[in-house]
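So the structure is just underneath, and the comments pick up after that.
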Amino acid sequence: MVDRLRSAAEQLEAPTCPDCHVEMRWYRSELLADEPVPVIAHLFVCPHCKRAAKTDTIFEDTQGPPEKLSAPRFIAYAA
């Protein structure tokens, strides 16, 4: 999960404050949901007016169906 948080933070763009029109500063990130799809919330604060903003990173479901399903072997016995 730490790797996902790091990758999300690296690709993150800070929002612009709607009041001051300056780039907001990252404050913290937190995990909102882990199952079925991880969601991380990133919180930002304007350095001028202290207005807060939030953006979410939603990860794609990386688990797909298994490539090969296992099944028991059937052995036919001659009678």
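The values are calculated or read from the model by the stated rules, or taken from the named source; none is laboratory data. The shown structure was predicted, so the numbers you read here are calculated from the model rather than taken from an experiment. Note that each Cβ is placed from the backbone with ideal geometry, even for glycine, and that neighbours are counted across all protein chains shown. Surface accessibility is based on the protein's heavy atoms, side chains included, excluding ligands, DNA and RNA. Shrake-Rupley method; radii C 1.70, N 1.55, O 1.52, S 1.80 Å.
For region 1-58, the solvent-accessible area with a 1.4 angstrom probe is 73 square angstrom per residue. In region 33-58, which residues have a backbone nitrogen under 16 Å from the label point lying 7 Å from Asp19's Cα in the Cα-to-Cβ direction? It comes to 44-54, nothing else.
For Lys54 and Asp34, what is the calculated FRET efficiency with R₀ set at 25 Å and r taken between the beta-carbons, to the nearest 0.05? For R0 = 25 Å, the calculated efficiency reads 0.85.
Sorting the segments 18-27, 36-45 by their residues' average number of neighbouring beta-carbon atoms within 10 angstrom, most packed first, yields 36-45, 18-27.
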